[in-house]
Amino acid sequence: MTTRRLEATVVALKEKIEKTRNETQQKFLSLTPLEKERDTLKLVKQEAIDFNEEHIKEHETRLKALDRDMVQFQKDFHRRKRSAGSSSESDDFHVLLGEKREETRQLREKFVKLKAEVLSGVVQEKGDAPSCEICTDEFNEDENLPKALGCGHTVCAKCLKNLNEYNDRIVMCPFCRKIWQIKNCPTNLIILNK
């Protein structure tokens with residue numbers, strides 16, 4: 001009798017192990033799509049970070065060029081001042097130098113704001129309406145309908161139309177330069193909150 005009881009217990013435990021193995025396999029299968037989605041989101045996040053870094057580098061390069069121009073203008077000014085004294089040419093130079101200083105100041109302010117946004121990780125606040133990265137107009141359901149390119153970037157329908165000015169079938173993404181067919185650019189309903 002004890003042998004039968006032991007055999008029954010062994011059979012029951014084997015069934016329990018098999019049931020647990022099946023449940024574990026089902027849970028593992030349900031995790032696979034979530035892992036793929038996680039990997040996709042990591043890739044999208046990295047692409048956004050790379051784009052922001054390129055944007056900052058571009059502005060830094062422009063600021064350095066403007067600083068070099070300003071230094072060159074100052075050198076020219078002092079050289080001309082020594083050689084010619086005060087003339088209408090130096091007055092023009094002062095006006096031009098003032099304009100370049102103002103342009104440099106404005107670009108520096110924009111750069112500092114953009115850098116702060118990127119470093120803080122808040123490129124677009126939740127309260128702000130989403131807008132096209134090319135024309136900066138807010139997306140709506142009319143002319144500025146958000147269209148998603150195959151690479152993940154979103155532009156308004158008006159800008160998408162301008163991008164394919166030379167070819168009716170394909171468009172090149174202005175951000176990553178990948179080429180996509182126009183018919184494969186669906187409306188980005190997530191941005192419209194639908």
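Taken together, the values in this text are just the output of simple stated rules run on the coordinates, not laboratory data. Owing to the predicted nature of the structure, the values given are computational and were not obtained by experimental measurement. Don't worry about glycine lacking a Cβ; one is built from the backbone with ideal geometry, like all the others, and counts go over all protein chains shown.
Relative to the first principal axis of the alpha-carbon coordinates of the chain, what is the inclination of helix 88-120, with its axis defined by its Cα atoms, in degrees from 0 to 90 and to the nearest 10? Taking Cα atoms only, the helix is inclined about 10 degrees. When peptides 18-25, 70-77 are ranked by their average number of other Cβ atoms within 10 Å per residue, the highest-first order is 70-77, 18-25.
Listing HIS78, HIS59 from fewest to most neighbouring C-beta atoms within 10 Å gives HIS78, HIS59. Comparing HIS55, THR24, LEU114 along the charge dipole axis of the range 2-120, the residue lying farthest to the positive side is THR24, per the Cβ-charge model. In this Cβ point-charge picture (+1 for Lys and Arg, -1 for Asp and Glu), the range 131-194 has a dipole of about 380 debye about its Cα centre. Rg and Dmax of the range 46-115, based on Cα coordinates, read 16.5, 57 Å. Taking every DSSP helix (H) stretch of at least 4 residues in the chain, weighting each as -39,500 (n - 2.57) and dividing the sum by the residue count yields a mean residue ellipticity at 222 nm of -23500 deg cm²/dmol. Positive contributions from Lys and Arg (+1) and negative ones from Asp and Glu (-1), summed over other residues with Cβ under 12 Å from the Cβ of GLU53, come out at -3.
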